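Take a look at the structure below.
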Protein chains: 2
Amino acid sequence: MRSSTENRILEVAKEVFMEQGLYGARMQDIANKAGINKALLHYYFRSKERLFDVVFGGALTKYFKNMEVLNNNSKSVIDRIIHFSECFIDFLAEYPQMSLFLLKEMSANEALFLDKVKSIKSQEQQGVIQLITDAGLDSKVDPVLFLMQLHSLCAYPFLAAPVFKVIIEKSGQKWSDPLHDKLKSSVKKFITQQLT
Amino acid sequence: MRSSTENRILEVAKEVFMEQGLYGARMQDIANKAGINKALLHYYFRSKERLFDVVFGGALTKYFKNMEVLNNNSKSVIDRIIHFSECFIDFLAEYPQMSLFLLKEMSANEALFLDKVKSIKSQEQQGVIQLITDAGLDSKVDPVLFLMQLHSLCAYPFLAAPVFKVIIEKSGQKWSDPLHDKLKSSVKKFITQQLT
DNA sequence: ACATTTGTTAACCATTTGGTTAAACCAAAA
DNA sequence: TTTTGGTTTAACCAAATGGTTAACAAATGT
């Protein structure tokens, strides 16, 4: 079992890296928030890059894990995709900074991301694209475009929430933060509209 | 007229800040790429923050300027929104890093963003929400949700393009980068589906 | 021609930051 | 009790970084 110190470091590092990114994060800050000496960070995780790597890899794994729900063969293709969208939204609601974090760091270091994806996604799970193509639904929609729109509708609201909040409040409307349910049902509507 | 040096600095700074963000960017790097001494940066723009501020403000202004197209009263509401989406996509295609840049820096420094938005958006231009409400279309859609979905469909594909590229190529499909037209027509379809 | 402002540079400075070292601590084994 | 192994710390280091200074060159006005 990993020592409690190591776990504490990991948890704090997750927070800090998610908020500040690889560059913005400071080892001293992580150490302080974990209530330990800075040297101890390097004792457990040799370098900043190494520590970041663990955090980033963990986030990416969690992210991809969400797509496994697509393999539930007891449901129809459309229902599986709807179910996926709901799980995806739940996941993003739990980790609102996740998307931005991943996009930030990927754009900053494309090579790292490529490696990670290769090692994670190797377990040839079925993707939305495969699913649609196999079901013959690619006559209705362009699978790649559809996948992108699906992700757009699920992820972007969380990405841009702080911005929308400001803009909307500025224009006199009121902002209700966790619009999970509205979001879910609207995505569901989109999926059925597109695929039937 | 601004000196050519100042302009050169601004252009380079734009590039570097967009790519690396406020933290990641290095003054020395900007100076090198602009072919000048580092001290000259501080001569024209007192500090890194000041320089960044100019770049960020410029980007934000450009971003909001796109929404003015909504005020073209010679068209129907739906056509105006469609036109906006097309202009928005063209804009994002021209500056693919814009969205990520703005989101990154906003999440890193919400206060700065709030100030900027207040000073830029003060010119009470009509927003999508107003437009929909005034036209009575808010019986068909939740205006805020619709605005968010509209932005999602336009912006996210550019945000996540590098990621999708990797994932899609990984799963054997081929990736065609500038799918402007497909994107435009699909967004148009979405708008009409939602508002009629 | 001369003085004054503007543009530009090399050298320097203070601070921050990731990382290292050697010593201290501390529980469990011998 | 002493030894031993992993754990933790204070002090330190080298490099990087944002920023400053003083001197110098190039326009610009008189």
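If the condition is being within 18 Å of B:Leu103 (Cα to Cα), facing another protein chain (nearest Cβ under 8 Å) and not aliphatic (A, V, I, L, M), then the range A:141-169 contributes A:His151, A:Ser152, A:Tyr156, A:Pro157, A:Pro162, A:Phe164.
Checking every residue in the range B:30-46 against the condition of being without any contact (Cβ under 8 Å) to a residue 12 or more places away in the chain, away from DNA strand D (no atom under 11 Å from the Cβ) and not acidic (Asp, Glu) gives zero matches.
Could you look through the range B:170-191, keep only residues that are part of a loop (DSSP other than H, G, I, E, B) and within 21 Å of the chain's Cα centre (by Cα), and pick out the one that is nearest to the other protein chains (Cβ to nearest Cβ)?
Step one: list which residues in the range B:170-191 are part of a loop (DSSP other than H, G, I, E, B), which gives B:171-179.
Within this subset, residues satisfying the condition of being within 21 Å of the chain's Cα centre (by Cα) are B:177-179.
Values: B:Asp177: 12, B:Pro178: 13, B:Leu179: 7 Å.
Ranking the qualifying residues of the range B:170-191, first place goes to B:Leu179.
Could you tell me whether A:Gly57 is more than 16 Å from DNA strand C (Cβ to nearest atom), at pLDDT 90 or above and not polar (S, T, N, Q)?
For A:Gly57, the condition - more than 16 Å from DNA strand C (Cβ to nearest atom), at pLDDT 90 or above and not polar (S, T, N, Q) - is met.
Put simply, of B:Val12, B:Val55 the only residue that is away from chain A (no Cβ under 14 Å), away from DNA strand D (no atom under 11 Å from the Cβ) and within 15 Å of the chain's Cα centre (by Cα) is B:Val55. Scanning the range A:24-52 for residues that are more than 8 Å from DNA strand C (Cβ to nearest atom) and within 14 Å of chain B (Cβ to nearest Cβ) gives A:Gly24, A:Phe52. Residue count for the range B:66-97, restricted to those that are within 14 Å of chain A (Cβ to nearest Cβ), hydrophobic (A, V, I, L, M, F, W, C) and closer than 15 Å to B:Ile132 by Cβ: 2.
Counting the residues of the range B:98-130 that are more than 9 Å from every other protein chain (Cβ to nearest Cβ) and modelled with pLDDT of 90 or more gives 2.
The values are calculated or read from the model by the stated rules, or taken from the named source; none is laboratory data. As the structure is a computational prediction, the values presented were derived from the model and not from experiment. As a convention, Cβ positions derive from the backbone with ideal geometry for all residues, glycine included, and neighbour counts pool all protein chains shown.
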